[in-house]
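The values are calculated or read from the model by the stated rules, or taken from the named source; none is laboratory data. Remember, it's a predicted structure, so these values are computed and weren't measured experimentally. Reconstructed Cβ throughout: ideal geometry from the backbone, glycine too, with neighbour counts over all protein chains shown.
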Amino acid sequence: MTMTTTFHNNPLTFATSRMLIINDASFRQATTAGNMHTFATALSYFQVTLSPMFPNAAFINFSAVAAADHQPCYLLPYWPGADVEITLGNAAKIFFTSNLSGCGVQVSGTRAAPRVIHSNARDVYDVHGAVAARNAINNRLAIHGLHDANVGVLTKADQEATFNLRMANQLPAIINNIVPTKSGYAVDTNSVQLDPNSAALSGAVFGEKAANDDWTFYSQLSTPVLQGTQTKTRKILRNKHADLNSSNPVTHNSNDDAYAVMGQPRQFWP
């Protein structure tokens, strides 16, 4: 079974251990800042792969046509400074949008055909800073959902609140679930230190459709591992260690870059 099939069959379990990196840059469509671009309810096709640069993350790659080891999905790529939207159907069971750094996502409507909006205020951020950008996103989403039913919103503030709560209450379980970056190694959990700065976290949003056509949406959070080691698991080589993540510039190796998923993705809609 490939990683693509594993994710397709059970995305919630898969996304509890591996950071998702949505590789959708080639599918983005230029939109004037402040405007809304509507994507058609059309299928894309995704494949899940690993990368030597981030071996304990999973890259979600996309194709416009069906290909080997791809599964159908709906995709909503963001555009800097603009808002994008799509209404989902029932021809695929998985939905993705671009990774969130400071963006907002809003879902509304029926569970069989929800409307999803991804709002970005990069233009506001560049001129007025983060607080103004957050306010702009909140205001836009409120206007977009003014006449919609069953509105659910996910913002940077929501992600930060979840992050801080899980750092306080779930840290041992989160550390125990970190995937080693090297094959044949195990994480030395007592050595791990996570980045406590919520600004460093990465967010991935995905949706899953049940057999009865009901969609549910989840928010995944990941943060960098500041330091830690992993050890060769074979007994004869047990003393062989490697950095889990080298924040020290003297020893830094991009192939050691590790991320911790902050627990099971949180359901935010409905």
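For region 139-148: of the residues being surrounded by fewer than 18 Cβ atoms within 10 Å (Cβ to Cβ) and at pLDDT 95 or above, which is farthest from the chain's Cα centre (by Cα)?
Ile143
Kindly indicate whether any position in region 49-63 is touching a residue at least 40 places away in the same chain (Cβ under 8 Å), more than 26 Å from Leu171 (Cα to Cα) and small (Gly, Ala, Ser).
Checking region 49-63: not a single residue is touching a residue at least 40 places away in the same chain (Cβ under 8 Å), more than 26 Å from Leu171 (Cα to Cα) and small (Gly, Ala, Ser).
I need the full set of residues from region 33-54 which are in a loop (DSSP other than H, G, I, E, B) and either touching a Ser or Thr at 6+ places or on another chain (Cβ under 8 Å) or hydroxyl-bearing (Ser, Thr, Tyr) (or both), in order please.
Thr41, Met53, listed by residue number.
Residues to consider are Gly89, Gly102, Gly81; find the one that is under 16 Å from the mean Cα position of the chain (by Cα) and in a loop (DSSP other than H, G, I, E, B).
Answer to the selection: Gly102.
Looking at region 7-60, which of the residues that are touching a helix residue (DSSP H, G or I) at 6+ places or on another chain (Cβ under 6 Å) and at pLDDT 95 or above is surrounded by the fewest Cβ atoms within 10 Å (Cβ to Cβ)?
That would be Ala33.
Leu221 passes all but one of (1) farther than 30 Å from Asn90 by Cβ; (2) part of a strand (DSSP E or B); (3) not hydroxyl-bearing (Ser, Thr, Tyr); which number fails?
The one condition Leu221 does not meet is (1).
Of the residues that make up region 170-183, is at least one outside any loop (DSSP other than H, G, I, E, B), in contact with a strand residue (DSSP E or B) (Cβ under 6 Å, 6 or more places away or on another chain) and hydroxyl-bearing (Ser, Thr, Tyr)?
Scanning region 170-183, I find no residue that is outside any loop (DSSP other than H, G, I, E, B), in contact with a strand residue (DSSP E or B) (Cβ under 6 Å, 6 or more places away or on another chain) and hydroxyl-bearing (Ser, Thr, Tyr), so the answer is no.
What residue, of Arg115, Arg122, is within 18 Å of Gly152 (Cβ to Cβ), in contact (Cβ under 8 Å) with a residue 24 or more places away in the chain, among the charged types (D, E, K, R) and surrounded by 15 or more Cβ atoms within 10 Å (Cβ to Cβ)?
Criteria check complete, one pass: Arg115.
Considering region 184-201 alone, what residues qualify as being under 15 Å from Leu100 (Cα atoms) and either part of a helix (DSSP H, G or I) or not hydrophobic (A, V, I, L, M, F, W, C) (or both)?
Correct list: Ser198, Ala199, Ala200.
When the residues of region 151-169 are narrowed to those that are in a helix (DSSP H, G or I) and touching a residue at least 60 places away in the same chain (Cβ under 8 Å), which ends up nearest to the chain's Cα centre (by Cα)?
Here the residue is Gln159.
Looking at (1) surrounded by 19 or more Cβ atoms within 10 Å (Cβ to Cβ); (2) closer than 25 Å to Gly102 by Cβ; (3) not polar (S, T, N, Q), which is the one condition that is false for Ile178?
For Ile178, the failing item is (2).
Counting only residues that are at pLDDT 90 or above and over 16 Å from the mean Cα position of the chain (by Cα), how many does region 196-224 have?
So the answer is 7.
If I filter region 246-261 for residues that are modelled with pLDDT of 95 or more, of a type outside the set (Asp, Glu) and touching a strand residue (DSSP E or B) at 6+ places or on another chain (Cβ under 8 Å), do I get at least one hit?
Scanning region 246-261 turns up at least one residue that is modelled with pLDDT of 95 or more, of a type outside the set (Asp, Glu) and touching a strand residue (DSSP E or B) at 6+ places or on another chain (Cβ under 8 Å).
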